[in-house]
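First the structure, in the form of structure tokens, and then the observations on it.
Every number in this text was worked out from the coordinates using simple rules, so none of it is lab data. As the structure is a prediction and not an experimental result, all values here were calculated from the model. Cβ atoms come from the backbone with ideal geometry, glycine included; neighbour counts cover every protein chain shown.
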Amino acid sequence: MLQTIQISAFKTAKKTELYLFVIKKNNRQVSLEELPNELLVMFGKPVHIFDFELTENKILPRSESKEIISSLADKGYYIQMPPTENEKIGSMSAPPERIDNIF
């Protein structure tokens, strides 16, 4: 049977698409004061955005579940970095075949 971990996700005003994941214990968020001070200075004030369940098999858009679980076990948090410029370009739709019909 797969272990399910409850996760709380946070965003920051400092950088778009930068997220912090921490384990939610006993239906309560982990105290952010338990996180390293250097992390909180770099990340800025965390703003809670949602909670979700995570298993090793869960498919996430930008991070591997096993990597997140490992980081949570080792450090108590996981930082999801914003996509690189190449990742952003790779997800863009192709240009139209003809441009004479755009006006």
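Need one word for the stretch 5-83: rounded, prolate or oblate. Basis is the Cα gyration tensor (sqrt eigenvalues a ≥ b ≥ c); a/c below 1.5 gives rounded, then a/b vs b/c decides. The shape class here is oblate. Computed on the stretch 5-83, with alpha-carbon pairs under 8 angstrom and 6+ residues apart, the relative contact order is 41 percent. When +1 charges are put on Lys and Arg Cβ atoms and -1 charges on Asp and Glu Cβ atoms, the dipole computed for the stretch 1-86 relative to its Cα centre reaches about 220 debye. Here the Karplus curve 6.51 cos²θ - 1.76 cosθ + 1.60, taken at θ = phi - 60°, turns the phi angles of the stretch 63-68 into couplings of 10, 7, 4, 4, 5, 5 Hz, with x standing for Gly and Pro. What the phi angles of the stretch 5-21 give under the Karplus curve with 6.51, -1.76 and 1.60, with θ = phi - 60°, is a coupling list of 10, 8, 10, 10, 10, 10, 10, 9, 7, 5, 8, 5, 6, 9, 10, 10, 10 Hz, glycine and proline written as x. The residues packed around Ile79, meaning those with a beta-carbon under 13 Å from its beta-carbon, carry a net charge of +1 if Lys and Arg are +1 and Asp and Glu are -1. For Leu18, the amide hydrogen comes within under 5 Å of the amide hydrogens of Thr12, counting only partners 5 or more places away or on other chains and with H modelled in the peptide plane. Modelled spin-label separation between Thr84 and Arg62, with each label point placed 7 Å from Cα along the Cα-to-Cβ direction: 1.4 nm.
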